[in-house]
Amino acid sequence: MQRPDGSWPAAASYRMGRFPLFFGSSFLTTVFALSALRPARPAPTVPPPRTGE
């Protein structure tokens, strides 16, 4: 479904409560797709707490 320019078509990404009203855009869909494809960053390392040395 990816377009030749690298974007993805619009998809509903937010529903307005009980109402059948959906919001979305091709920009938002592309951002979600790129976020899913981006490799996860490793968790930052936290040095152990210093003791009373």
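The label-point distance for residue 31 and residue 3, in a model that sets each label 7 Å from Cα toward Cβ, rounds to 1.6 nm. Sorting 28-35, 43-50 by average packing, meaning the other beta carbons within 10 Å per residue, from highest down gives 28-35, 43-50.
Only the coordinates and a few stated rules stand behind these numbers; no lab work does. Remember, it's a predicted structure, so these values are computed and weren't measured experimentally. Cβ: placed from backbone, ideal geometry, glycine included. Neighbour counts: every protein chain shown.
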